[in-house]
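Worksheet: the structure to be examined is printed underneath.
The values are calculated or read from the model by the stated rules, or taken from the named source; none is laboratory data. Every value quoted in this text rests on a predicted model; they were computed, and no experiment measured them. Positions of Cβ are generated from backbone atoms using ideal geometry, with glycine treated the same way; all protein chains shown enter the neighbour counts.
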Amino acid sequence: MKLLEEKILAEGRAINEDILKVDSFVNHQVEPLLMKEIGEHFAGHFKDRHITKVVTIESSGIAPALMTALALGVPMIILKKEPSKVLNDDLYQTVVTSFTKGTSYELTMSRNFINENDHVLIIDDFLANGEAATGAIRLIRFAHATVAGIGILIEKSFQPGRQKLEEQGFEVYSLARIAGLGKDTIEFIPEE
Ligand code: G4P
């Protein structure tokens with residue numbers, strides 16, 4: 001998506017060869033108009049997949065996921081990272097390990113909002129190692145729902161996330177695919 005690539009080139013900063021900082025429009029400050037365009041773009045791409053729910057992982061996935069859900073006319077579900085503070089039998093939970101942050105967390109989804117009739121679109125801001133998306137897929141499968149696709153804003157194509165998800169048979173649709181990061185350089189894989 002040209003608009004997102006231009007934004008990344010204008011405001012993104014590679015803080016090392018692995019991490020791209022996009023705090024001014026994705027992770028800290030959020031640009032509503034850009035998110036609206038992103039949501040409409042994802043909705044256009046996935047329009048024939050009979051999506052019934054959009055699922056994201058808190059927190060930075062929420063803005064683009066909400067805009068996608070709005071454009072598709074379906075609800076959005078936020079997967080939580082905090083373990084439940086009250087005893088609750090109505091939850092699916094799975095442990096996700098983040099290699100980027102060196103931490104693990106318990107990804108949690110209520111049993112009340114997804115069932116076997118749902119076709120779920122997963123939306124997230126970054127795809128690095130694919131662990132968060134794989135955890136989301138596990139939860140969706142616990143509910144016997146179908147994963148209809150995965151939409152990513154920024155894919156770091158030099159990390160193994162896409163391959164891991166494609167090997168499981170999922171379509172990964174990324175708006176910006178980063179081939180490499182260097183001091184003062186951000187290189188994209190050209191759009192097909
Ligand atoms: P993975 O799911 O693909 O395996 O990614 P990983 O666990 O390694 O990433 C963990 C967190 O780090 C995620 O945010 C992800 O969005 C973020 N992240 C990964 N690579 C980058 C990067 O190059 N730049 C930025 N800005 N973030 C990156 P999170 O912990 O879920 O935080 P949140 O922002 O959604 O709250």
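The table below lists the values:
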{"item": "Which numbered condition PHE158 fails, given (1) surrounded by fewer than 21 Cβ atoms within 10 Å (Cβ to Cβ); (2) among the aromatic types (Phe, Trp, Tyr); (3) within 9 Å of the ligand (Cβ to nearest atom)", "result": "(3)"}
{"item": "Residues (assigned to a strand (DSSP E or B), of a type in the set (A, V, I, L, M, F, W, C) and within 12 Å of the ligand (Cβ to nearest atom)) located in segment 96-130", "result": "VAL96, LEU107, ILE122, ILE123, PHE126, LEU127"}
{"item": "Residue within segment 3-18 that is of a type in the set (A, V, I, L, M), in contact with a Lys or Arg (Cβ under 6 Å, 6 or more places away or on another chain) and on the phi < 0 side of the Ramachandran plot present", "result": "yes"}
{"item": "VAL74 vs. criteria of a type in the set (Val, Ile, Thr) and modelled with pLDDT under 95", "result": "no"}
{"item": "Test result for ILE150, within 15 Å of LYS53 (Cα to Cα) and part of a helix (DSSP H, G or I)", "result": "no"}
{"item": "Odd one out for VAL147 among (1) farther than 23 Å from ASN27 by Cα; (2) more than 16 Å from the ligand (Cβ to nearest atom); (3) touching a Phe, Trp or Tyr at 6+ places or on another chain (Cβ under 7 Å)", "result": "(2)"}
{"item": "Residue among GLY102, GLY130, GLY135 that is buried (at least 20 other Cβ atoms within 10 Å of the Cβ) and on the phi > 0 side of the Ramachandran plot", "result": "GLY130"}
{"item": "Among (1) surrounded by fewer than 19 Cβ atoms within 10 Å (Cβ to Cβ); (2) within 16 Å of the ligand (Cβ to nearest atom); (3) under 16 Å from the mean Cα position of the chain (by Cα); (4) not aliphatic (A, V, I, L, M) - the single one GLU11 does not satisfy", "result": "(3)"}
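Residues checked against (1) out of contact with any Phe, Trp or Tyr (no Cβ under 8 Å at 6 or more places or on another chain); (2) part of a strand (DSSP E or B); (3) within 17 Å of HIS45 (Cβ to Cβ):
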| residue | (1), (2), (3) |
| --- | --- |
| ILE154 | no, yes, yes |
| ARG162 | yes, no, yes |
| LEU165 | yes, no, yes |
| GLY169 | yes, no, no |
| GLU192 | yes, no, yes |
